[in-house]
Amino acid sequence: MAETVSTCTVDGCKIAYHSAGAGETILLVHGITTYSFIWRNIVPLLSGSYRLISVDLLGCGDSDKPLDVPYSLPQHAAILQTFITKLALGPLHFVGHDIGGGIGQVFAIKYPELLSDLTLINSVGHDFWPVQPIIAMRTPIIRQFAMATLDIGAFRLVVRRGLYHKERLSKELMDLFWKPMKTREGRRAFLHFADCLNNCHLVEIEEDLQRLATPTHIMRGDADVYLSAAISEKLHRDIPQAKLTRIATGGHFIQEDEPELVARELLRFFWRD
């Protein structure tokens, strides 16, 4: 089915999203350093049975990039709550990667009535994050250096390290990753996003997660060098009856490494196999 690109205005800000397929809704939420493109190999594998909504978080992709609004996990969750309500999408399957998984945890605690289930893919969690190179971006001198000198070559090393299948780092993929960084506005928004990240927003909901009734699936690429296995393992222990899936050949950007495996495991979970 053809994919459409649309926008929804939330609190005066334009939120961009891609839509494909029909049926129950799956909301795909990316992390930092990416935007909706990261799901492009997953969407065709699921759109025959589901409606896929790939959103660009505030400050990312084609969404607005204000610098006077916090890009914190609770703020993103609140924006998505309004987004889902305005478009009458819920209850839905929430699939979050990286920071998107952290947003999903906050969302599940605050707005459980809008969820059918929650999938966390290579997710942040607890107090085991942020990690390098995000931490460095908070240091003023590093921020200025990044604004002035960050080039596609340096960024390429970050992306390559996040892949298990290094040969998949094509020019097309790098162009997609690099697109927001080509402009000063995009770089400033990326650094603002990094500066707003605070693990206290997940630490403070740890007890709530232990009472979470929303069916939860934790998916980990075991070759993820950015987020440790301890995060997925603790989430699995803490969230009641959570399912844990491990994919040996998945790096941090597992959607690029193993799209077919990711799609298969999502379907198994949605069908409660």
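The values are calculated or read from the model by the stated rules, or taken from the named source; none is laboratory data. Bear in mind that the values here come from a model prediction, so they are computed numbers and not experimental data. Ideal geometry is used to build each Cβ from the backbone, glycine not excepted, and the neighbour counts take in all protein chains shown.
General remarks:
- Scanning segment 21-55 for residues that are surrounded by fewer than 20 Cβ atoms within 10 Å (Cβ to Cβ) and either of a type outside the set (Asp, Glu) or within 24 Å of residue 226 (Cβ to Cβ) (or both) gives 22, 23, 37, 40, 41, 44, 45, 47, 48, 49, 51.
- Residues in segment 1-24 that are in contact with a Phe, Trp or Tyr (Cβ under 7 Å, 6 or more places away or on another chain) and of a type in the set (S, T, N, Q): 6 only.
- Taken as a whole, the structure places residue 66 among residues that are surrounded by fewer than 17 Cβ atoms within 10 Å (Cβ to Cβ), within 25 Å of residue 178 (Cβ to Cβ) and touching a Leu at 6+ places or on another chain (Cβ under 8 Å).
- Residue match in segment 73-83 (condition: in contact (Cβ under 8 Å) with a residue 60 or more places away in the chain and under 21 Å from residue 252 (Cα atoms)): yes
- In summary, strands (runs of 3 or more DSSP E) completely within segment 8-112 and bearing 2 or more residues that are aliphatic (A, V, I, L, M), closer than 23 Å to residue 236 by Cα and modelled with pLDDT of 95 or more occur at 24-29, 92-97.
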